[in-house]
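To keep things clear, I will list the structure first and then write my remarks on it.
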Amino acid sequence: MAPINSRVLDPHTLLFSLAVVGFLMAVLFVSFARAMPGQRAALVAWSKAMGSLGAAFTLYFFRGQAPLLFTFVLANALVFGLPHWGHEAHARLLGKDPRRGWTLGLWAFGMSGVLLSFHMGSPQPVAFFTISLAFSAMLGMTAWLLLQSVRKRRSNAMLTAMVTYGLLSAAFAARAVLGFVAGVEQFLAPTVSLAQLFALVPGAVLAVVCSVCFLAMIHAHHMAENIDTLTGQLYAQQDLVAQRSAELSVANAALVRRARIIADLYDKAPCGYVSLAADGAVLEANRTLLDMLDLDRQGFVGHDFRMFLCEASRQSFDDCLAAVMQKGRATDRELDLLLEDGSTAPMLLSMVAAPGVEAATASIRATLVDNSERKARELQTAQMQQELRQRAEEAEAATRAKSAFLANMSHEIRTPLNAVIGLSQLLLMRDLDKDVRQFIGHIRDAGEQLLALVDDVLDLSRIEAGKLELQAVEFDPVQQLSTVLAMVRPQADVKGLALRADIEIPTSMQLMGDPLRWRQILLNLLSNAVKFTEAGSVALRARVQAQEADELWLAIEVVDTGIGIAPGQQQRIFEKFTQADDSTTRRFGGTGLGLSIVRRLVQLMNGTLSMESQPEQGTTFTVALPFRKA
């Protein structure tokens, strides 16, 4: 077959023109994708097809000037993007699943001939055949896709696109056949060859005709979606109108019933309702108020409301009217209504201006509540408060008298006890019989126990009376801890308990505070730990918890392995004269004052006291107290 020569057809110009058209179409459809999010997938796919067309034809344009790797292999690889992405674009538009496996397989088949021709020096008709056959099949798939969809939604653009894709598929099938019968010269670049002719014409058709058809299908699909949306909205609005009409009928019936209920509530309310003009004239009133005044409607409505008030209440009523005109409301104003029999009824008046009405012509809504019960309650409350104040003063006086008595009697109570204890100790120094010595020992122990109890009671009384003053003297905390341990150690030794000390305080440290009360706290906690521990150990831990320039906090922990305290009893043990339960008192003795005194002393010293305990596992008391450095 002879080469096709024409002076009119310039292949390079056409290749460049089609490349430009492809890129322009890609940009155009990308902009459409941004404007129509609902069709974004289809429009983006078509823009990729047009971009592939533009890139491929750009490389074709440089054939003979650039290596064949670009102008032959890469160009043909890119041109397959046109039918591949075109098929996906139509599938996305029509709501179908694109057959990517088929199109990619045909893409690979077409490129096999290209690579065979490039690497093995095979004749170019082999590539011509594989490319044409792959294009024919891919375009035929798109035509078949359109044929399946045209039955459901037919449009001129869809029919045109289907016929165009069908003709192009047939043309590429014929192109595959012609590739074998044409001479090699038809594939050379300098002439208007068969290869160029079958590349330019389908490219132009796909770039222009199919783009226009695709855009028209997008527009038709978009319009159809809008019509469906509007139709659905119209049906929805019709249903909504019908629903609203039914609801309005139900609401109107409910409003009628509610109006009757409100009218009934208004007339039979437990308080009086009255509507007043700005000058105080009665406009309307409910049945309850008329019954209060023992009047009928004609005898009340239209008259000045002041006529039905006592002389002393009329000024209060005028002040209430003025407040409503200025602020819009006035509440709980006391006044007395004048009844038909000449008696009076105490009332609470509240007023509010009707909304949306000018002050000059305002209608005022007022409520009148019977105030006689409230007056009686106020009188009763005042009497009860007076009685409570009197009883509180009496209780405070009794407490002060008790505290003063205990404080004044402290020496008188201690003196005979000290005499009993001292004489007992003197008698124990003599040679006595064993039974006599035992009896005198019991007397001494009972005296010391009674003296400790008296000291606890007196300390608690002074704390409650506010007469316990803390000292601020210099003392050695390590020495104080050693003294307390020495005082408790005999009790621990008698019970066979291990008394441990873990003191992390510098021996040279000197503090300012009340060493007596600090020692009293520690002694109470350690004595309790020894008392309630039958086996195991009692540990005293002391450390500096925090310190600043001139102040520090000492933390003391007393840990025992004793009987422990149940969670439900842990708050009660800090109350005075209280232990965990009655069995504890019978088993271990004690008055229940020790921990109460500890807690109050810690509070007086601005410290903290905490406790952790588990029954039958032991208890840990932690005391943290602030001291100034000496």
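The values are calculated or read from the model by the stated rules, or taken from the named source; none is laboratory data. Computed from a predicted structure; not experimentally measured. Counting neighbours? That spans all protein chains shown, and the Cβs are built from the backbone with ideal geometry, glycine included. In case anyone asks, the SASA skips ligands and DNA or RNA and just uses the protein heavy atoms, side chains included. Shrake-Rupley method; radii C 1.70, N 1.55, O 1.52, S 1.80 Å.
How large is the Rg to Rh ratio of the stretch 62-167 when both quantities use alpha carbon positions and Rh follows Kirkwood?
Details: Rg = 15.9 Å, Rh = 14.8 Å.
With Rg and the Kirkwood Rh in hand, the quotient comes to 1.07.
Give me, ordered by chain and number, the residues 5 or more places off Glu334 or on other chains with an amide H under 5 Å from its own placed amide H.
Amide H neighbours of Glu334: Leu349.
What does the charge add up to near Tyr266, with Lys and Arg as +1, Asp and Glu as -1, over the other residues with Cβ less than 14 Å from its Cβ?
Details: positive: Arg258, Arg260, Lys268, Arg287, Arg297, Arg365; negative: Asp264, Asp267, Glu284, Asp291.
Local net charge: +2.
Give the long-range amide H neighbours of Ile503: residues separated by 5 or more places, or on another chain, with amide H under 5 Å away, using H modelled in the peptide plane at 1.01 Å from N.
Sorted by chain and number, the residues that satisfy this are Ala542.
Using a 1.4 Å probe and counting only protein heavy atoms, arrange Val454, Val488 so the residue with the most accessible area comes first.
Output order, biggest surface exposure first: Val454, Val488.
In sequence order, what are the phi-derived ³J(HN,Hα) couplings for the stretch 107-112 according to the Karplus relation 6.51 cos²θ - 1.76 cosθ + 1.60 with θ = phi - 60°, rounded to whole Hz, with x for glycine and proline?
4, 5, 4, x, 6, 4
Work out from phi, with θ = phi - 60° and the Karplus expression 6.51 cos²θ - 1.76 cosθ + 1.60, the ³J(HN,Hα) of each residue of the stretch 544-550, listed in order in whole Hz, and give x for Gly and Pro.
Result, ordered by residue: 7, 7, 7, 8, 10, 4, 10 Hz.
When the Karplus curve 6.51 cos²θ - 1.76 cosθ + 1.60 is applied with θ = phi - 60°, which whole-Hz ³J(HN,Hα) does each residue of the stretch 430-437 get, with x for Gly and Pro?
Result, ordered by residue: 8, 7, 10, 5, 4, 5, 5, 4 Hz.
How much accessible area does Cys213 have with a 1.4 Å probe, in Å² rounded to the nearest 10?
Probe radius 1.4 Å; accessible area of Cys213 about 10 Å².
Quick check: at a probe of 1.4 Å, how many percent of the accessible area of the stretch 5-107 sits on carbon and sulfur atoms?
On the way: 3400 of 5090 Å².
Its accessible area is 67 percent carbon and sulfur atoms.
Using modelled amide H (1.01 Å from N, peptide plane; none on Pro or chain starts), what sits under 5 Å from the amide H of Leu309, excluding residues fewer than 5 places away?
Correct list: Leu338.
How compact and how long is the stretch 6-118, expressed as Rg and Dmax of its alpha-carbon atoms in Å?
15.5, 47
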